[in-house]
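The numbers here are math on the coordinates, done by the rules we state, and not lab data. Because the structure is a prediction, the values reported are computed rather than measured. FYI the Cβ positions are ideal-geometry reconstructions off the backbone, even for glycines, and counts take in every protein chain you see.
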Number of protein chains: 2
Amino acid sequence: MDQNNNIKDLPIGVFDSGIGGLTVFREIMSQMPNERLIYFGDTARVPYGNKSRDTIEKYSLQISRFLLSRKVKAIVVACNTASAFALDALIKTVPVPVIGVVEPDAKAACEATKNGRIGVIGTMATISSHSYDDAVHAIMKDAEVISRSCPLFVPLAEEGLWEDPVTDEITRRYLAELTDRGIDTLIMGCTHYPLLRSTIARFAGEGVTLVNPAYETAKELHALLEKEDVLTKKEPVLGQENRYQFFVSDMADQFKAFANSIIPYGILSAKVIDIESY
Amino acid sequence: MDQNNNIKDLPIGVFDSGIGGLTVFREIMSQMPNERLIYFGDTARVPYGNKSRDTIEKYSLQISRFLLSRKVKAIVVACNTASAFALDALIKTVPVPVIGVVEPDAKAACEATKNGRIGVIGTMATISSHSYDDAVHAIMKDAEVISRSCPLFVPLAEEGLWEDPVTDEITRRYLAELTDRGIDTLIMGCTHYPLLRSTIARFAGEGVTLVNPAYETAKELHALLEKEDVLTKKEPVLGQENRYQFFVSDMADQFKAFANSIIPYGILSAKVIDIESY
């Protein structure tokens, strides 16, 4: 009898500082429709992008303890800042496979670039961590990585200004120094940014390949679960409201409203938990 | 002998979710140059503007316990969201005088208005709390309060775009519905907003009086300390680096850099403390 059978049917845990990780969640739903998923958004302590390594590590470990208490078979760190700062600590501590968004992005960028000039945009914390530089250079030693923090992208995305003259103007400013330097590939190094995808693509220009953390992470997660032989074989028997569960640390109603603008089915509930107690 | 003598020379505690409260701190420095001040910015958990009442209350109580451990003689809640949600709980719990920013603003607005139409701008949490409506109506029953949340103002102020075409465009949108309704007084209901004062004034128009929470709160604090007879009589003997102390929950260096763009002397140090342990 296959020893992994019990494990296979356990859910996958996905977490983010808030709502950005829902772009990854949505992509996992689409690429692995048979899997059960648990999402945690740390809406009480969002955003992580302006916090220190110690704080982000502490929060990420609390969240992983919560997800393990719900018996997940794998954890996806669907937050670039947490991936940049806390992935090593999580891999050391957590007894199930853990995957972040940085390495899948770096791998995809190295495959896509022709001229070796790769742009990276992200939060202040992600960019100052240099984790994308390190991840790209581990694969492609001679690549030139040109990075830029874009602090207004998250609030603009959360304000719903996905297509707007103000977002255009901010995007033009943020991307100018990257396109001036001749990048041919641009990593959207924050899980919120796929919401601004079409604006970012327009200002990056036609010759630039965009790397989407949601798509790449879901693809890499599939490969990882396959390698570990823990992909579920079962057709979903549960309705979507049971197959997909949402937890937050605060503001469940607001989370639900935003999630319903991203996730392609009606989310019935998001439950508040006391994350500081984990 | 005056029993208050010991109390008089204790410092005043001022706190905010992050850096916005520094506009209040600066104004207290200017109006009461002899007082010692302790600032706490909750930079690990900033912003409060999108959090729930329970969470904001819990955080504010933790912070007041920290300030009391530093023996403050009064506490200024230099954050509109915390004033709106946590002031009652603080007044019930804390053994020293506590003052928020909502009531001083409401009082000043009622004194300034001629047509009884008062505009309020603030974070999502402040506006949805209706605390300004309540505070204004307690003074002026028939006033019409027209309010609007402005979620992008804080990130724009923190990005340093105090005077910028993007800030102009966002301000134009946010204020249009207030000016269309004929307000003659506008409460800047967030301690970050004085940083955008000149842009806000321009779009509010010449006939509109701006109410500045920093100025009004410092004025009200002076009146309160005078009434309680705990204003210090001493000329400052300490240098500014000892008279003014800064504590944060994270990112001390970044806080210091920003504080130095607001506070009119060189801040030497900001100390990180573990606020969750209070």
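Points worth noting:
- Across chain B, Cα pairs under 8 Å and at least six residues apart give a relative contact order of 26 percent.
- Ordering A:L186, A:L196 from the fewest to the most neighbouring beta carbons within 10 Å gives A:L196, A:L186.
- GNM on chain A, alpha-carbon springs under 10 angstrom: the most fluctuating residue among A:P151, A:P104, A:P213 is A:P151.
- Across the identical copies, how the B:Y265 labels are spaced - nm, sorted shortest first, 7 Å along Cα→Cβ: 6.2
- The residues neighbouring A:V120, those whose beta-carbon lies less than 10 Å from its own, together hold a net charge of -1 under the Lys/Arg +1, Asp/Glu -1 convention.
- Long pairs among A:K73/B:K58; A:K256/B:K51; B:K114/B:K227; A:K71/A:K107; B:K8/B:K271, criterion Cα-Cα beyond 22 Å: A:K73/B:K58; B:K114/B:K227; A:K71/A:K107; B:K8/B:K271
- Sorting B:D274, A:D142 from the fewest to the most surrounding beta carbons within 10 angstrom yields A:D142, B:D274.
- Using a 7 Å Cα-to-Cβ projection, B:D180 label spacings across copies, nm, ascending: 3.9
- Selected from A:I200, B:V24, B:L37, residue furthest toward positive end of dipole (the protein assembly as shown; charges at beta carbon): B:L37
- Label separation (A:L68 vs B:S261): 4.1 nm, computed from points 7 Å beyond Cα along the C-beta direction.
- Computed about the Cα centre, the dipole magnitude for chain B is approximately 500 debye when only Lys and Arg (+1) and Asp and Glu (-1) carry charge, each at its Cβ.
- B from A by rotation - nearest chain A beta carbon to the axis, in Å: A:P155, 2
- Only Lys, Arg, Asp and Glu carry charge here, each on its Cβ (+1 for the first two, -1 for the last two); on that basis region B:102-213 has a dipole of about 200 debye about its Cα centre.
- For region B:96-170, chymotrypsin sites (Phe, Trp or Tyr not before Pro) are listed when DSSP marks them as loop and at most 16 other Cβ atoms sit within 10 Å of their Cβ; the list is B:W162.
- Shielding by partners - mean other protein chain Cβ count within 10 Å, residues of B:43-51: 5
- Anisotropy class of the protein assembly as shown from Cα gyration tensor, a/c 1.5 cut: prolate
- Applying 1/(1 + (r/R0)^6) with R0 = 60 Å to the Cβ-Cβ distance of A:A223 and B:E235 gives a FRET efficiency near 0.25.
- Other protein chain C-beta atoms within 10 Å of residue C-beta, averaged over B:147-156: 3.
- Estimated 222 nm signal from helices in chain B, with DSSP H stretches of n ≥ 4 weighted -39500 (n - 2.57), rounded to 500: -14000 deg cm²/dmol
- In loop segments of region B:15-87 as defined by DSSP, the trypsin sites (Lys or Arg not before Pro) with at most 15 further C-beta atoms inside 10 Å of their C-beta are B:R70, B:K71.
- Cleavage-rule hits, trypsin sites (Lys or Arg not before Pro), region B:79-170, DSSP coil, Cβ neighbours within 10 Å at most 13: B:K114, B:K141
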